[in-house]
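Report on the structure given below.
Only the coordinates and a few stated rules stand behind these numbers; no lab work does. Please read these numbers as outputs of a predicted model, since none were measured by experiment. Note that we place each Cβ from the backbone using ideal geometry, even for glycine, and neighbour counts take in every protein chain shown.
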Amino acid sequence: MVMRSAFRDLQWRRRRVLIAVAGTALVFSITLVLSGVSHGFDVETDRTMASFGSDGWIVRDGAAGPFIGQAPLPGSTVEAVRSETGITAANAVVFSRKTVGVGSPKEVNLFGVEHRGVAVPAVDHGRAPRESGEIVVSTRLHYGIGDKVLLSGKPFRVVGTISNSTVVAGVPNVLVTLTDAQTISFAGQPIISAVAVKGTPRVVPPGTRFMHNADARRDLLRAVSNARSGINLIGLLLWLVAATIIGSVIYLSALERVRDFAVFKATGTSNATILADLVLQAVLLSLVAAGVGLLVATLIGPRFPVPVVIPVSSLVLLPTLAVAVGLLASLAGLRRAIAVDPAIAFTAA
Amino acid sequence: MKLNIRHLTIEYASGGSVVRPVSGLDLSASSGSLVLLLGPSGCGKTSLLSCLGGILTPKHGRIRFGDVEVDALKGAKLTAYRRHMVGIVFQAFNLVPSMTALENVMVPLCNGGVRRRKARARADSLLEQVGLGDRTDDRPSRMSGGEQQRVAIARALALDPPLLLADEPTAHLDSIGVEGVMRLLRELADGDRLVVIATHDERLLPIADRVVELVPKTTRDLREHVTPLPMERVAVQAAFVAGMPASTR
């Protein structure tokens, strides 16, 4: 009967309940999308790192990483690394942030790579760049094979595409030959950002150090660390907003049902049963809002300019947290319900 | 079962003051009878019903119904008393507006541990008994005052309590509704059930086995009631007693 009573009351106040569910669902959907954005940073970085197929990186001693925190190395470092014991393959990589197109140029992550060996990302359609003037682009840039692309003012021809290849918050990746990358990034000087290696060197050339993939991954993610902190904070605030919405509805419900509760108590309904009624309402509201929120998040997620990958943990966590939020939010209402004097039932309506 | 009230004094807080509507009341009644508590507003009728229903704790005195010391009940025992021993028909009907007539009657049944199917059958039967067998799925807002009152009576009877309390049961009814409710209440006061009605409506006098007139002590001009029934006057004190603690449950 508790469930029937709670459900009937929600039906009775359906307009308010619908508004509350819509509001909470929207908040939940934004929370989910934000967690998807945050997780998307990890997923795109992992995908890009995996595409290099390296075991580690040789960077300049003191450099924070091979990408964002790079300190350029002389091109000759590659040969020195290849001769080290423990290294089975080594290739130079150049990384820089550039733009493609004219008029409204788009920011890209430029990777200068060699055409075979380690650190040559797999191309989904077409082939890797082999000659000067050839470029492989992320499908996020919406270029096709054979298209002409202006990269930092220099013309390139698309020879391959990689599906949704992005890093640093959805910025598309492009691959060119090492020489072209050096021309664009280092004015043609034989300078490289890092050396990708297979194997683990026992010693490294003077002035360099070995960096594991995990550290290189952190280097790429460093660019979005502030954004991620902001997103997490907003997510926390959104949970509080959701709790406030549900709490308001439950509290109002408790206020308006004072006479009902008084009658229930006067006719022998225990406090626990009345509390279960309110808790059930809060949980029902939260779970329905979570379901609608998930649906909305699934619909709006792909429209975001950054990769939105809603983690499975969030899908599990959402209803769990939603129930917790519902329970927390109903506390004020529960206190109100417990305080109801059954003698109110004898007063005139 | 017998109801025994001894030296009952009721106090409660109201508007910053302490009100003592009943002071030193003695009363007894037995099952199978209908007792009418008659008197003007403020004489303590509803407070007395609240005490009998285990909702208000008297300041002094004893209330015993059967072998239950009502005034001493607390916690789960009090809840059980309210649930199984007493049925209350409130002046304002107090049906839950979001629930149908059937569901309103099912509430005390389900809370009393009756299984859902049996509760539904019992509620159906009770609504049939009060003449609302065809209105089970209607919400209170679609019912007249008289119909709501009959649903409230059905709800009060749900667990077949030996004590039925009715507070101003005719207050919101038209003359046709009054007649129906009077007949119903009269029928209910038989066998093992004691019915106590608080009212100022003298139209109910003919159905009472016993009439107890609650008269404020300060009222000296006690008028005689023209009634063939035995009637007793119980003088109660309706007074504001400033600074005294109130005790309510």
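Summary table below
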{"quantity": "Percent of beta bridges antiparallel (DSSP, chain A, rounded to nearest 5)", "calculated": "80"}
{"quantity": "For A:268-275, mean number of other protein chain Cβ atoms within 10 Å", "calculated": "5"}
{"quantity": "Potential extension, A:Met3-A:Thr347 segment - 0.36 nm per residue separation minus Cα distance", "calculated": "121.1 nm"}
{"quantity": "In chain A, lysine pairs closer than 18 Å at Cα, eight or more apart or cross-chain", "calculated": "5"}
{"quantity": "Crossing angle, helix B:145-156 versus chain B [Cα axis fit, 0-90 degrees, rounded to tens]", "calculated": "90"}
{"quantity": "Shielding score for A:253-260, defined as the mean number of other chain Cβ atoms within 10 Å", "calculated": "2"}
{"quantity": "Expected 222 nm ellipticity per residue - DSSP helices of 4 or more, -39500 (n - 2.57), all of the protein assembly as shown, to 500", "calculated": "-13000 deg cm²/dmol"}
{"quantity": "Packing-based exposure ordering (other Cβ within 10 Å, fewest first) of B:Lys45, A:Lys198, B:Lys2", "calculated": "B:Lys2, A:Lys198, B:Lys45"}
{"quantity": "Helix B:116-129 vs. chain B, principal-axis angle (Cα, 0 to 90°, nearest 10)", "calculated": "70"}
{"quantity": "Relative contact order (percent, whole number), chain B, Cα cutoff 8 Å, 6+ residue spacing", "calculated": "32"}
{"quantity": "A:Trp239, A:Trp57 arranged by Cβ crowding within 10 Å, fewest neighbours leading", "calculated": "A:Trp239, A:Trp57"}
{"quantity": "Packing rank of B:169-179, A:275-285, where each peptide gets the mean count of other beta carbons within 10 Å, highest leading", "calculated": "A:275-285, B:169-179"}
{"quantity": "Order by protection proxy (mean Cβ within 10 Å, highest first), peptides A:61-74, B:147-160, B:8-21", "calculated": "B:147-160, A:61-74, B:8-21"}
{"quantity": "Kyte-Doolittle mean at least 0.5, axial Cα span of 30 Å or more - DSSP H helices of chain A", "calculated": "A:14-52, A:225-256, A:271-300"}
{"quantity": "Exercise: per-residue mean of other protein chain Cβ atoms within 10 Å, B:82-92", "calculated": "4"}
